[in-house]
Amino acid sequence: MSEHATASRLRLSGLCFLLQILLILLFAVLVRYSPEGSPGPCPPQLNCSRRSPDSAFQQPRIQDVHVQVLLSFGLLVAFLSRYGPGSAAISILITAFSIQWAVLIQGMLYFFLNGKIYVGARSMVSADLCTAAVLISTGAVLGRVNPVQMLLLALLEVTLCTVNEYILLTLMGVSDSGGSLTIHTFGAYFGLMVSRVLYLPHKNKRKREEQQDKGHQMDVLAVVGTIYLWIFWPSFTSTTTAHHNAENWAVLNTYFSLVASTMSTFILSPVLYEEGTPRMVQIQDATLAGLAVMGMAGEMLLTPFGALIAGFLVGLISSLGFRFFTPVLHSRLKIQDTCGVHNIHGLPGVLGALLGTLLTLLATADTFGYRLELVFPLVAQGSRTVTDQAFIQLSALPLTLLLATLGGCITGAVLKIKVLRCCPAAQCRENPGLREVAEEGSDPSAGDKELGISTLV
Amino acid sequence: MSEHATASRLRLSGLCFLLQILLILLFAVLVRYSPEGSPGPCPPQLNCSRRSPDSAFQQPRIQDVHVQVLLSFGLLVAFLSRYGPGSAAISILITAFSIQWAVLIQGMLYFFLNGKIYVGARSMVSADLCTAAVLISTGAVLGRVNPVQMLLLALLEVTLCTVNEYILLTLMGVSDSGGSLTIHTFGAYFGLMVSRVLYLPHKNKRKREEQQDKGHQMDVLAVVGTIYLWIFWPSFTSTTTAHHNAENWAVLNTYFSLVASTMSTFILSPVLYEEGTPRMVQIQDATLAGLAVMGMAGEMLLTPFGALIAGFLVGLISSLGFRFFTPVLHSRLKIQDTCGVHNIHGLPGVLGALLGTLLTLLATADTFGYRLELVFPLVAQGSRTVTDQAFIQLSALPLTLLLATLGGCITGAVLKIKVLRCCPAAQCRENPGLREVAEEGSDPSAGDKELGISTLV
Amino acid sequence: MSEHATASRLRLSGLCFLLQILLILLFAVLVRYSPEGSPGPCPPQLNCSRRSPDSAFQQPRIQDVHVQVLLSFGLLVAFLSRYGPGSAAISILITAFSIQWAVLIQGMLYFFLNGKIYVGARSMVSADLCTAAVLISTGAVLGRVNPVQMLLLALLEVTLCTVNEYILLTLMGVSDSGGSLTIHTFGAYFGLMVSRVLYLPHKNKRKREEQQDKGHQMDVLAVVGTIYLWIFWPSFTSTTTAHHNAENWAVLNTYFSLVASTMSTFILSPVLYEEGTPRMVQIQDATLAGLAVMGMAGEMLLTPFGALIAGFLVGLISSLGFRFFTPVLHSRLKIQDTCGVHNIHGLPGVLGALLGTLLTLLATADTFGYRLELVFPLVAQGSRTVTDQAFIQLSALPLTLLLATLGGCITGAVLKIKVLRCCPAAQCRENPGLREVAEEGSDPSAGDKELGISTLV
């Protein structure tokens, strides 16, 4: 065991210790439970005002908390099937840290009153949404950053993601309950930019293909992941759109989109890959894409066939993206995308935002009925026309892309700082202490010595 | 890659494309969301009238949708442990197609008004029940039909299953909330008849035994499947029997039946198989049998020990069926039953229907109290005597068996059409393109080259 | 197949048969469903009176039943990752038997009226809590007792655990809704004492280490187990503390404790084990420890940072326990602890009880508000001072430890009876019939011939 390895191990340990002590101190000074029964210190901002303030809201709270961690873990399970169980420990570390940090940062913006942050089930759900964005970003860089860098990435991304969400939802009044922009698009492009900045030419496509060919065992994980997503994700949608009856349609739209994008895989996969039926991992990717596209549009679609068409097209686009766009991304733009987050979160998120804009334009009090109040409160109150709202929805897309890429660049630059890279890449490869995760967590017979998370810059 | 393989691959792709486009068009023309808040266009049929029409029903809707896909995926997981992850992709294709198709077909019968089908959470739950029947049928023929044939099987079975359900529940007024007849019995005997018609003498028992002996990895899947069934299935029962308080007993009865049938496995397995303890796959089968027997009787049983006895006996019968009846089925009746659906769905379903008939005979306003209104609305309203109801419950059994076997014969005959079989069996075996699913999805070391879904007629 | 093996196999079969018939008879004579709608035959005991008696309680019932089996299976999944799927069949047998037996025994104490036990969703939840304690105990002795002994252990422990719970909750009025004492502490120390009594010097540490090094496949199970615990356990807490709003904080406290104890693992593991990141199984253990410590204190903690500190410390202690205390336990006290239940249930349970005592001392009507009524009904009613309550909470700890160790000793002595050991250990090793579970259930290539459940005393 070389000294380098020991130092690197202890650095992660020390960083975790410092961060956790810091979090405990900040929580001790700042965070309190919001008094129940009372309406709660909710500032007159959109995120609160959109939910019905009366006691009817009390009820879904437990349910809220129940599904709180589902989103993040859905992503986690999904990535496991692409990258193997070796990534699980780091992902859980990221989740554990990000949830705490997001409760603090989001509390500052949303639940701050008289010098204290008042947390409740709602803040946990918000924190989890933010954690989901971080996990999407890690999907782009898995295998090329070490745990210490991952923690810093989470630290920075949670902050930037919260700022982006605050600008979009609260300042601009954008309707994006399922997070097409705030989660999927932001997370994907943030991760891709970090990946671009950390680009190393000699770690090329060969490795990714090896991983994807691990075959059998990954297929079992992909089956579990797909079933998990089918069961839990649509219900998740009903959490953030917790209106009295309106959630109904968001859930159904999500299901229809899911089903159609799954069919798409079976259409394109035999054409693109010379296989009789698609692999489970491709079905899982299509499922995720079908879910991501319904993030914004889910509560705006008024007919089931709209969801079918959206899911169908996004399934085709996501499959085509994996076949034709990911190689271009890598060879031309020098962006490596370990888990293909551009195809399963980035593109579907952007398409979802465009679809949402289109649907906003078509929204009338006539077709929406009482749902207008729930989906577009500012339009229903008359303080904004439908065209204004559509323009704002549309302008939120370039803004999110800008913030995500800018934030990704900065984060990537920070992660490149010498002291964070444990050692030169050449040494790393010889260094057993740094690859333990990979070696333990993965099939020893597969000879995947180089897949480790810690095979570093 | 031979031309045959390419043709077969593209045929599946093309069929999926055509079906999905057709579905989108039909949805665009016919399907709309049912207007919320209003009582909904519910025709004066039993299936609607049994549920309380007032606003109290609005509430469980989200929960309904939450568990909507659980039933199907429970079966899916269960079959994975018998057949391996290679079957997962096809099963998910079948699920994705059947749900859409069932929404249309069932909508025609149940939710049709003024030329439009009005869908909601309820129609999704019904569609999923139908999908469950299709998945049960596929369990009997897994490994002997190709994906194109599977899709046609789903197309025909969804239609026939809906007709059977409509006749039983709406026209005859049978009480079968958990689907002992409409799901388990219909699905099992339909699949067995298809299997009979597609019988090929040279694909014999040897293969099935190989599969069952895959051992370890299948055991892990069986553990996951069993836990999944224990956790989610009893709650599923409460969805379809969404009365105010009555669901309580259905859930408890299902649990007690489950527990007792599990004990049965531990009693018979050491006697039948010379093993110290049963394998996980046997425990999972007993669990499913214990659940299937409570489909009809679950809400009629008034004492916990009744559920214990029913579960205990059905557990014993299911174990005996695997040991003694499945071989007879194969050698004498020439019916191959890949996943043993006759023992885990067919027999328990029939026994459940008989038990339900018996319990109907014993039902009095005295013992049932206000539950009579919920379980047997026609009896409670005085338009039918208990004896009449019992006779109708009983006569639903041969009717379901008749429709299932007839439908299975027709479907099997359709699937035998030359053009659907991609190629003669001899060629198939040489054809790598057709076996990719199997080879990727299953343990390469197990040498199960012949287990592929696409090793065709 | 030797005669011994056949005899041992049939003995399990016969015992299961006898027990199940006995249970059916007892259920037939004693158990009825509690009439719904009516307040139910609830004796004026604490366990009932603490829950709001009005109709508001009716609603969470289905939810109650939904999560009923979650706790047990959470533990089951957790142990699988330490011991492998070979243990699953026995664990499910134990669960199936314990639930029925606990419904009877607990019904005698809590739901007995006019010679009948009236069961409902509540009794199923209580029965499942008891089953959880039994599964914790089996975690200490897995691999060293045969199935027949396991069944007897369950028979005795359910009885003693119910008596302990009755004394604590009903007679003494201790507040322990999450079961820090009644489940975690009792189960852990009971199992450890059984392990001590059954100690065999030649089955030493070597074997345990082999098991822990199974590596890869266990890691997949640990990932699934950890995600399962994160998702379902905190919701479980809300079941037993089904007050109108108070559950909110118990859930949030559990989450914060979980998150902090996970961070602890990442701090200590690199220091203790010379690994870059902890293994998934260590993360899972920390998760369980973080959950166990919140059993009693979850509903008493009024600030989030309290939960963070508690989780942080218990995560550190649990990690240190695995490294330093388990070897001492084995070498000095001759207690083998297969799954490390002392570190993940025993110690955290004791610490949770101490924390609960401290928090009880600090409880005032001022800080608790209306929650005082819910958490400490006797204090709120004025029949007890806070100091009295704290003293009683504290004295419940040695009482539970006494009952658990005493019960464990007696049970261990019973299990040592000659007739229960199928054969001398030497013969056992030659006896193929007795090791089938192990050989089938586990990876044949791992050479773990000696890990079988039935490798007997």
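The values are calculated or read from the model by the stated rules, or taken from the named source; none is laboratory data. Just so you know, these numbers come straight off a predicted model, no measurement behind them. Reconstructed Cβ throughout: ideal geometry from the backbone, glycine too, with neighbour counts over all protein chains shown. Accessible surface areas use protein heavy atoms only, side chains included; no ligands, DNA or RNA. Shrake-Rupley method; radii C 1.70, N 1.55, O 1.52, S 1.80 Å.
Laid out as a table, the results:
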read-out	value
Cα-projected label distance for C:Ile410 with C:Phe112, points at 7 Å along beta-carbon direction, nm	1.6
Percent accessible area from carbon and sulfur atoms, the range C:341-413, protein chains only, probe 1.4 Å	75
Computed FRET value (nearest 0.05) for C:Phe324 with A:Tyr273, which takes r as the C-beta separation and R₀ as 60 Å	0.70
Residue (of A:Asn343, A:Tyr370, A:Gly290) at the positive-pole extreme of the range A:277-421, dipole from beta-carbon charges	A:Asn343
Total accessible area lost when A and B pair, probe 1.4 Å, Å² to nearest 100	4700
Threshold 30 Å², the range B:12-27 residues less accessible with all protein chains present than alone (1.4 Å probe)	B:Leu12, B:Ser13, B:Cys16, B:Phe17, B:Gln20, B:Ile24, B:Phe27
Evaluated at q = 0.14, 0.16 Å⁻¹: base-10 log I(q)/I(0), Debye formula over Cα of the range A:257-369	-0.56, -0.70
Trypsin sites (Lys or Arg not before Pro) within the range B:300-384, DSSP loop, no more than 14 other Cβ atoms inside 10 Å	B:Arg332, B:Lys334
For the range B:338-415, average projected area of the Cα convex hull in nm²	6.7
